[in-house]
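A short worksheet on the structure shown next.
The values are calculated or read from the model by the stated rules, or taken from the named source; none is laboratory data. Keep in mind it's a predicted model, so treat the numbers as computed, not measured. Cβ sites come from the backbone with ideal geometry, for glycine too, and all protein chains shown count toward neighbours. Please note that ligands, DNA and RNA were not included when accessible areas were found on the heavy atoms of the full protein model with its side chains. Shrake-Rupley method; radii C 1.70, N 1.55, O 1.52, S 1.80 Å.
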Amino acid sequence: MIKRQISAVILLLALLVPFVTFAQQAASNPNDPIVRIKDEGMNHSQVMQTLSYLSDVIGPRLTASPNAKRANEWTREKLASWGLENAHLEAWGPFGRGWTLKRFSAQVVEPQDIPLIAYPKAWSPSVKVMPATAIPDPKSKKKTGAPTPQPGSAVTADVIFLDAKNEADLEKYKGQLKGKIVLISQPVEIKAVFDPLGTRRDEKNLLTLANALPPGQGGGFGGGGGRGAGGAQMTPQERQQQLFQQTVFTAKRMNLLVDEGAAAAVDVSPRGTGGTIFVQQATVAQPIPASIEEMRTMTRLLYYDPKAEAKMVPQLTVAAEHYNRLIRMIQQGEKLKMTVDLQVEYQDKDDIGYTTIFLFAGSDLEDEIVMLGGHMDSWQAGTGATDNGAGVAVAMEAMRILQTLGL
């Protein structure tokens, strides 16, 4: 037994010594490319400066918006400043109209003032309130020549909770929504959080990920199929029927808001607590399908289509804690008023998206290509640091290191 242990130790040493020796040689050789790359990346990194400018200075980069184009141009110029001579923009599209937020605030004003954690949904139209105009004196002979009054972007209105879970519930709200600010989501349950926000992968759960089944075979991204209210596995037909019912209900609800002339629609952040808010695009009032087949084949009006503006009311998302409080106040009998100031600007002249491209030629393996990058665009409610400014900054840093070291 002891001899076998000694033999095993000798064999292990024999295997390790060449690697240790190689590592020592590499570490002691400052001209080794790997050593130089590690030194440049660890001791002279510019990745955080790149990410900070992209996220803090430029900020949100909604697709086809001026900020997205600015980010493309800045990254191209930054690459050029590092000596990379063939950085350029490549167009793709057309995508659709751009959207920029000009001004926004939302708060409860009655029965007390409550500032809200909220954000408008991308491609939402502005609030438009026509100012009251003075009735001209018919006896007056003076012609004022006053300019046509422009609509304001702030509305103060009663708040209504659209407490509808199905199509039948919508009927009782007909004739009640004109000029109102409408809460359209049900309250969400907020559970106490006891787990840490950040976790690290250890050897065990990395192995679990490595051995996971592919999507569609029981692993990842909905591979197992949906479940019904009772927790039972749903058949494909049941899932289709559920999707159809949800599609019809959403279409009828949004059409009701548009047809009634609601001042604004407010929903709840679907995820996030503690002040974190998730906001995406505005919902368009779509045609109401009569069947599952029609739902599958009908042409939907996309939110970035200029025609969609007429089929949307101004829309915003409120953080879960604040939204739930509004619902509870209404359920306690309080009459709420809110002020929403929302002004946006659409961009229709340039409906093309752009990609910043850089090609870095190596000295061998000419028939092989290594691709790396990240998507530049981001949603409007954040600065796009993780989605996906981090990927952009890392890709740029890799190019900077190779260029700086002349590799």
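Projected label points at Thr199 and Glu294, each 7 Å from Cα along the beta carbon direction, are separated by 4.5 nanometres.
Relative protection proxy for 350-358, 262-270, from highest mean packing down: 262-270, 350-358 (other beta-carbon atoms within 10 angstrom).
Rounded to the nearest 10 square angstrom, Lys337 shows an accessible area of 60 square angstrom against a 1.4 Å probe.
A simple spin-label model places pseudo-atoms 7 Å from Cα toward Cβ; at Glu90 and Thr156 they are separated by 5.4 nm. Where the convex hull is taken over the Cα atoms of the stretch 30-187, what is its projected area averaged over directions, in nm²? In nm², the orientation-averaged hull projection of the stretch 30-187 is 20.7.
What do you get for Rg/Rh of the stretch 226-318 when both radii come from the Cα atoms and Rh is the Kirkwood radius? Over the Cα atoms of the stretch 226-318, Rg/Rh equals 1.02.
Here the Karplus curve 6.51 cos²θ - 1.76 cosθ + 1.60, taken at θ = phi - 60°, turns the phi angles of the stretch 364-373 into couplings of 8, 6, 5, 8, 10, 10, 10, 10, 8, x Hz, with x standing for Gly and Pro. Most simply put, the chain has about 70% antiparallel DSSP beta bridges, counting only bridges with both residues inside it. Relative contact order of the stretch 55-119: 25 percent, from C-alpha pairs under 8 Å at least 6 residues apart in sequence.
Extending 7 Å from Cα along the Cβ direction at Phe360 and again at Val109 yields two label points whose distance is 5.5 nm.
The candidate values are [x] 86, 52, 44; [y] 66, 53, 37; [z] 109, 61, 46; the one derived from this structure for Cα extents along the principal axes in Å carries the label [z]. Computed extension length for Arg271-His375: 35.2 nm, one decimal, from 0.36 nm per residue of separation with the Cα-Cα distance subtracted. Rounded to the nearest 0.05, what FRET efficiency is calculated for Thr386 and Lys174 with R0 set to 56 Å and r the Cβ-Cβ distance? The computed FRET efficiency comes out at 0.85. Residues in the stretch 328-338 carry Karplus couplings, in order, of 5, 4, 5, 5, 7, x, 6, 9, 9, 10, 10 Hz; the curve used is 6.51 cos²θ - 1.76 cosθ + 1.60 with θ = phi - 60°, and Gly or Pro positions show x. Each peptide in 205-215, 113-123 receives the mean, over its residues, of other Cβ atoms within 10 Å, and ordering these scores from highest gives 113-123, 205-215. Proximity of backbone amide H atoms, modeled 1.01 Å from N, is registered between Gly179 and Ala262, Ala263 at under 5 Å, excluding neighbours fewer than 5 places apart on the same chain.
Hey, with R₀ at 25 Å, roughly what FRET efficiency would Lys349 and Lys128 work out to, going by the Cβ-Cβ distance, to 0.05? For Lys349 and Lys128, the calculated efficiency is 0.70. Our helix-only sum for the chain, with -39,500 (n - 2.57) per DSSP H run of n ≥ 4 divided by its residues, gives a mean residue ellipticity at 222 nm of -10000 deg cm²/dmol.
Classify the stretch 344-407: rounded, prolate or oblate, from the alpha-carbon gyration tensor (a ≥ b ≥ c, eigenvalue square roots; a/c under 1.5 rounded; otherwise prolate if a/b is larger than b/c)? Note, shape of the stretch 344-407 comes out prolate.
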